[in-house]
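For reference, the structure is listed below as structure tokens.
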Amino acid sequence: MWSDPPRDGSLSAEVAAWTRRTRFELVRRLPLPFATHHPQGMAFIGGRIFLSTVEILESPTPLPGAGNDPAQRTPGAGNGHVLVLEPDGTLVADVPLGEGDAYHPGGIDSAGGLLWVPVAEYRADSRSLVYAIDPATLEASLRFTVDDHVSWLAANTDARALYGGSWGSRRLYSWSLDGVAEARTRAAEVWENPSHYIDFQDVQQDGGDRLICGGIAELRDPRGEVFELGGIAVVRVHERRLGAEVPVPAFSAAGHTVMRNPFVLTRGEAGTLLHTVPDDGGEGLMSELLTYRVVDTPRSVPPNGVLTGVANAELPRRDEGRADDSEQRERGHVRQTSGT
């Protein structure tokens, strides 16, 4: 049903060709009959599924007078996990991650034989621990810390770079992978996210500096009810720009956009497949791994915009229009002067 992503740039090029006519056909629902908590990121490595998730024991709450500032809230409490699954959904391992107030894993990605996982405090402008997991041994090692909430990670081994995003991905980061074997804070390149359409939640590196970014924006209607808008974007890191951005109009059994958190985009004999886990384990329904086949509907050839007829009435010449405007301004000036 799926294979590891090719990471040759072809998937991001395909996403760049998607439109609002692109359809997502559900081809598989895989129940996950165990505690999945609040899934965050997903990666396919060597025939296994890796799913990061946060187990919330105490939800953060706003500090007095903080309003909706996501940085001004209590730390809450919880546990971070990376769940390891077989392709049939069988749980084979649970790798605990985190320390103290840093218990919230984010979006994950693999590169260079390692799985990169950020574990942050559950509030903006906070602190994160960056782990690398060996997919074969499942041994996790702390590589460095970051003075911010890191919501996802993706690696470019060719450029020896690690990419990440802040709370809501409003800031994007790039760190050098050289010398990160020691657990120490490292400086980063930082730039503002060029997209204000969705907040990236999980990201997949697609060769070179191309990132496929999935996420969600919560929009409120006049009654205050929330609508979840999901989408996918392509980011060209070196150029600091968007290469594409498209909505994904598909929803889960619990009513969430399928781009709420974890996703993986793959290609195989069945075509291009989008895999997601949008629902939490405690929402009345168990989490499911949903697989969609991406179907592009060909667009009709648009008209070329050539005029097919012109009315007989003559349009005013540009110099006449300027003369009229000048005369009106002059008259207005006279009236204003005479009234003072």
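Quick note: the coordinates plus some simple rules give every number you see, no bench work behind them. Since the structure is predicted, the reported quantities are computational estimates derived from the model, not experimental observations. Cβ placement follows ideal geometry from the backbone for every residue including glycine, while neighbour counts extend to all protein chains displayed.
Pop a pseudo-label 7 angstrom from the Cα along the beta-carbon direction at both ALA253 and SER3 and give the gap in nm to one decimal.
3.0
If you average 1/r over all unlike Cα pairs in region 202-271 and invert the result, what Kirkwood radius do you get in angstrom? Don't skip to the end; give the middle numbers.
Numbers: mean 1/r = 0.0739 Å⁻¹.
Over region 202-271, the inverse of the mean reciprocal pair distance is 13.5 Å.
Around ALA217, under 15 Å between beta carbons, what's the net of Lys plus Arg minus Asp minus Glu among the other residues? Before the final figure, lay out the partial values.
Numbers: positive: ARG170, ARG220, ARG260; negative: ASP199, ASP202, GLU218, ASP221, GLU225, GLU228, GLU245.
After counting each charged neighbour, the total is -4.
Let me know the volume per residue of the alpha-carbon convex hull for region 88-228, in Å³.
Hull volume normalised by residue count: 145 Å³.
When 1/r is averaged over all different Cα pairs and the result inverted, which Kirkwood radius in Å belongs to region 1-160?
Working: mean 1/r = 0.0580 Å⁻¹.
Here the Kirkwood hydrodynamic radius works out to 17.2 Å.
How big is region 1-56 in terms of Cα radius of gyration and Dmax, in angstroms?
Every Cα atom of region 1-56 included, Rg and Dmax give 14.7, 39 Å.
How much net charge surrounds GLY76 when only other residues with a Cβ under 9 Å from its Cβ are counted (Lys, Arg +1; Asp, Glu -1)? Mind dumping the intermediate values first?
Details: positive: ARG73, ARG123; negative: GLU58, ASP101, GLU121.
Summing Lys/Arg as +1 and Asp/Glu as -1 gives -1.
Could you go through region 96-112 in sequence order and give the Karplus-derived ³J(HN,Hα) for each residue, using 6.51 cos²θ - 1.76 cosθ + 1.60 with θ = phi - 60°, rounded to whole Hz, and x for Gly and Pro?
x, 9, x, 6, x, 6, 8, 9, 9, x, x, x, 10, 7, 10, 6, x
Filter the GluC sites (Glu not before Pro) in region 126-228 to those in DSSP coil with at most 13 other Cβ atoms within 10 Å of their Cβ, and list the result.
Numbers: sites: GLU139, GLU182, GLU189, GLU192, GLU218, GLU225, GLU228; in loops: GLU139, GLU182, GLU225.
For GluC sites (Glu not before Pro) across region 126-228 that sit outside H, G, I, E and B with at most 13 neighbouring Cβ atoms in 10 Å, the list reads GLU139, GLU182, GLU225.
In whole Hz, what ³J(HN,Hα) sequence does region 160-169 give by Karplus (6.51, -1.76, 1.60; θ = phi - 60°), x for Gly and Pro?
Result, ordered by residue: 6, 10, 10, 10, x, x, 7, 4, x, 6 Hz.
Return the whole-Å distance between the Cα centroid of region 228-249 and the Cα centroid of region 38-71.
The distance from the Cα centre of region 228-249 to that of region 38-71 comes to 22 Å.
Under 5 Å between amide hydrogens, which residues at least 5 positions from HIS149 or on another chain qualify, with H placed 1.01 Å from N in the peptide plane?
Hits under the 5 Å cutoff: ASP125, SER126, ARG127, TRP167.
Based on the Kirkwood radius over alpha-carbon pairs, what is the Stokes-Einstein translational diffusion coefficient of the chain at 37 °C with 0.692 mPa s viscosity, in µm²/s?
Rounded to a whole number, D works out at 149 µm²/s.
Using Cα atoms only, what is the angle between the long axis of helix 318-338 and the major principal axis of the chain, expressed in degrees (0 to 90) to the nearest 10?
So the inclination is approximately 80 degrees.
Rounded to whole Hz and in sequence order, give me ³J(HN,Hα) for region 15-23 from the Karplus expression 6.51 cos²θ - 1.76 cosθ + 1.60, θ = phi - 60°, writing x for Gly and Pro.
With coefficients 6.51, -1.76 and 1.60, one gets 4, 5, 9, 5, 9, 6, 8, 5, 10 Hz.
Would you mind checking the radius of gyration and Dmax of region 25-115 based on alpha-carbon positions, in Å?
Cα-based Rg and Dmax for region 25-115 come out at 15.8, 49 Å.
Give me the one-decimal nm value for the distance between modelled label points at THR74 and ARG20, 7 Å along each residue's Cα-to-Cβ direction.
Between THR74 and ARG20, the label points sit 4.4 nm apart.
Just to compare against my own numbers: the Cα pair-distance distribution for region 146-279, 10 Å bins, whole % per bin, please.
12, 40, 32, 14, 3, 0
Taking DSSP loops as anything outside H, G, I, E and B, show the longest stretch in the chain free of trypsin sites (Lys or Arg not before Pro) there with at most 12 other beta carbons within 10 Å.
The reported range is 22-183.
Let me have the relative contact order for the chain, percent, based on Cα pairs under 8 Å that are six or more residues apart.
18
Where the Cα atoms of region 107-165 are projected onto their three principal axes, how long is each span, largest first, in whole Å?
32, 25, 17
For GLU192 and ASP158, calculate 0.36 nm times their separation in residues minus their Cα-Cα distance, and state this gained length in nm to one decimal.
My answer for the length gained is 9.9 nm.
Considering amide H positions built from the backbone, and no H for Pro or chain starts, which residues 5 or more places from PHE263, or on another chain, come under 5 Å of its amide H?
Correct list: MET42.
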